[in-house]
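Here is the structure we will look at.
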Amino acid sequence: MTNSANDLPQATGHRLEELEKGLFTSDLSVNEFLLIKEVGFHPVGFVMGSSIYHTGLQARKWNQSQELTKLTEAMYNARELAMTRMEEEAAQLGADGVVGVRLDVNYYEWGKDAAEFIAVGTAVKAEDGVSRLNQLGKPFTSDLSGQDFWTLRQTGYLPQGLVMGTCVYHIAHRGLGQTLGTTGQNVELPNFTQALYEARELAMTRMQDEATRLGATGIVGVRLEEKSHQWGSHTIEFLALGTAVTKTSDDVTLVKPTTIISLDN
Amino acid sequence: MPDALSDLPEAAQRRFSQGSFSSGLSVSDFAACLDMGLEPVGLVQGFCAMHWGAFSMSALGRGATPFSGTQGGYVQNYQCPHGMISSDHRSWGQNYQQGWVEDAWRTGFNSAYSRMMEEAQTLGAHGVVGVIDSENPLSDTGVVEFHLRGTAVKLMDAPAPSATPWSTFLAGQRLAKVFEAGYAPVSIITSVASVRVWSYCVTEFLIEGTGGMWSNTTGAAEIHQIVDAQNQVRDLARTRVRSSLHGDALLGAHLEVSAREFSKGDLEFQSRLSGNRVRRFKDFEPLAVPRPSVRLS
Amino acid sequence: MSTPASTPRPSLRDEVRRALSEPLTTVDAAQSMTSDLSIDEELNLHSIGWEPVELVSAVSLHSIPYGYWNWGQGEIEGASSAHATAFLNATTRLLHEAGAAGGHGVVGVHIDRAVHSTFVEVSLVGTAVRPVDRTKRLERSVFASDLSARDFTMLMIAGWEPMGLATGASFVFAPRRTMSSTLQQQSQNVELTNFTEAMYSAREAAMQRMQEMAIDMRGTGVVDVKVHEGPMSFASHAVGFVAIGTVVRLASPTHQMINPTMVVSLNDATVAFDAQTLS
């Protein structure tokens, strides 16, 4: 299935060759395209990576709320594979990074046991020829829009990579049923609260660990997504996503923004 | 001034004589009107219920000679290339413009429109802004109700209007920009075209996917009859609108096409083109190139 | 968004009064302009010396022979080629209409595509545009683009020009379900490599076809690419990938920086309207 040099399927060969010869493709809007040019980057090509991964859940009723570690690993590995392939396409194009990364999960005819994880974005290259690869020597990734990328560059920071932390947590059936016996009263559900707290913390911590490994000084645009995918309502994946950034030594001219009152409605 | 021969319902006349004020404008549209020197004087509307559908091809049945359509209207015939076959092989087909549907539509719309404009004239208005037009089918028996409404406005400190009021779908800041750009509103325009399709064998086979059996090629081809009908129905509406513009421009046009299938192979396409007829009152003066900005939230 | 001109402009009220009081100038009946652009978009075009000419539209339907969606493997070529042909025919017709009306291109094209089991339908509506200065001849072929008039304006200001719409489609059979039975026995952490390969090639084929169209148009890039993908509503074992974008190339020797200003809006919620201020 794979190319000899890297993990990409053979099918990608021709498309990337055309991009290397000078044609660029990008899923950036015109506004985003103009803004990345403003900060000295040029789009190189639309890049994507995907992986079809088994995500089935063995149906068992657990008495305690707990993390389903095997599933967490599966969700993480699947996205990592997709992201890695996308980064490889970017590397093959000689890009410095990928902006506007989107991570999607698709379910198809093969049912609930498996899903396709896709990572897409637009690979970009700095026009001054100075390498902007991240601390691991790889193209940076970020889910920042063109506008956010421009704004970040005004402050002298550069993205290092899209970082994520995930945790698939199972909320105990029995526990939930018992606590429901107290409905009608204004009471916190301690087990439930505790479970969700722990799950979110795990996801956020893992995301931060990734940022540390990249040598980043901070994470911007953090968001937390919670999905049950195909597992029923007692099992939830908590996914924390953000873009790890570091301050660069590039010269920065901090501009004072103009304040306006819009007269349009 | 209420006209003794007016066809407005009594309720409308009472509403206006009381001197009360109602307006369909939003807050910002209202403020924009005042900025333009236009004073809203009341909500005006017009209704008309039309019935049609008595004329249809089914009365003639299949096997009859091809219909010649409305005088001068679009007609296109399609002949079966296969030679003979059975009685349920559609050996001929036809696209034709349904002039009676278009006429009935036009009558209904124009009646509703002129009633709305009459109400505006009663109020002494110079124009009507923010027009909303809707058509609602009232039942399955082919009755459609046309309803137009808008806000009548008077130009402040100006003599009483001597002509039919002007009208526009636009209101608020958008209307203000139209004036600033050098255009004066004339009237709203809406036009409908209707084309009926009686499929012939080739169309039927391509749509059903059995074209391969009956054609010499692999069976994949453009479905000419439907393509002709779809393109024609749009062209007809656009041509009619263009001819009623008399050199003016149509701004903010909206083209919508709907399709209906009465029975297998019996289709109807209807297109509706609406927009604002405007005329230049001053020479073209382009504005400066816009200044781009990035907004920090 | 526009800056005021340097000479003092008449007030809005005066303009409206003039518009509605003057006897309207007679016009050349052959010059009727129709456009589905908003007034803002028209003003954007005017600021770079372009104007709308005519609302244009085109439709094409192309059949897919029977049996193509039945179980199979790999690409469903009949569907992919029907999509490509329908799109090409519709675009050709649209450009022809635009050219006949004197347009140099069509902007804001609204693309309506539908893939049915027996045919593909593509319907396009947009506004043909041209430079106001009629002495500017059309140096190359008419272009179509789904970029809004506003995006077209920004691109032109930056020194780029649109060449046309590029699209690439591929329809494939999703790998078969029989695989799933073997999944039950397997542990969870595993990639399904055959499946991955099939979907990869379909996506790549669609993107590549789009790129090839771009190269044919002598463009140097494709912007605002949209990828639509998903199973067919009438055959869930078949998946379609369609990529559409606008082909561009540099018209001026280099890219022109636009130098945007950073703004912070001080708007809160809209001001409440006080009915008592009306007399």
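Quick look at the values:
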read-out	value
Cβ neighbours within 10 Å from other chains - mean over C:232-243	1
Under-5 Å amide H pairs with A:Asp96, H placed in peptide plane, nonlocal only	A:Val124, A:Lys125, A:Ala126
Environment charge of C:Ala251, counting only residues whose C-beta is closer than 11 Å and scoring Lys/Arg +1, Asp/Glu -1	0
Vicinal HN-Hα couplings computed from phi for segment C:72-85 (Karplus, 6.51 cos²θ - 1.76 cosθ + 1.60; Hz; Gly/Pro x)	x, 10, x, 7, 9, 4, x, 6, 4, 6, 4, 5, 4, 5
Shielding by other protein chains, B:250-257, mean Cβ within 10 Å	6
Other-chain or far-sequence residues with amide H under 5 Å of B:Val143's (modelled H)	B:Leu138
Environment charge of C:Leu147, counting only residues whose C-beta is closer than 12 Å and scoring Lys/Arg +1, Asp/Glu -1	-3
Note, ³J(HN,Hα) from phi for segment C:155-169, Karplus 6.51, -1.76, 1.60, rounded to Hz, x at Gly and Pro	4, 5, 4, 7, x, 9, 9, x, 9, x, 9, 10, 9, x, 9
Counted charge near C:Asp224, where neighbours are those whose Cβ lies closer than 10 Å (Asp, Glu -1; Lys, Arg +1)	-3
Pairwise label distance in nanometres, B:Ala160 with B:Glu208, each label 7 Å out on the Cα-Cβ vector	6.9 nm
Estimated inter-spin distance, B:Thr141 and B:Ser258, nm [label 7 Å along Cα→Cβ]	2.0 nm
For residues of A:114-125, the mean tally of beta carbons on other chains within 10 Å	2
Cα gyration tensor category, rounded, prolate or oblate, for segment A:12-247 with a/c compared to 1.5	prolate
Cross-link pairs beyond the 27 Å C-alpha cut-off, checked among A:Lys256/B:Lys177; A:Lys70/C:Lys226; A:Lys37/A:Lys247	A:Lys256/B:Lys177; A:Lys70/C:Lys226
Distance (nanometres) between label positions extended 7 Å along Cα→Cβ at C:Val132 and A:Gln230	5.8 nm
Computed lengthening from B:Ser28 to B:His82, 0.36 nm per intervening residue step minus Cα-Cα distance	13.0 nm
Residues B:Ser244 and B:Ser134, FRET efficiency given R0 of 22 Å [Cβ-Cβ distance, rounded to 0.05]	0.55
Vicinal HN-Hα couplings computed from phi for segment C:114-121 (Karplus, 6.51 cos²θ - 1.76 cosθ + 1.60; Hz; Gly/Pro x)	9, 10, 9, 5, 10, 7, 10, 10
Estimated FRET transfer efficiency (C:Glu212, A:Asp128; beta-carbon r; R0 35 Å; 0.05)	0.65
Residues whose placed amide H lies under 5 Å from that of B:Val128, excluding near-sequence neighbours	B:Val153, B:Trp166, B:Ser167, B:Thr168
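Where a number appears in this text, it was derived from the coordinates with a stated rule and is not lab data. Note that the coordinates shown come from a computational prediction; the quantities given were computed from them, not determined experimentally. Using ideal geometry, Cβ is built from the backbone for each residue, glycine included, and neighbour counts are taken over all protein chains shown.
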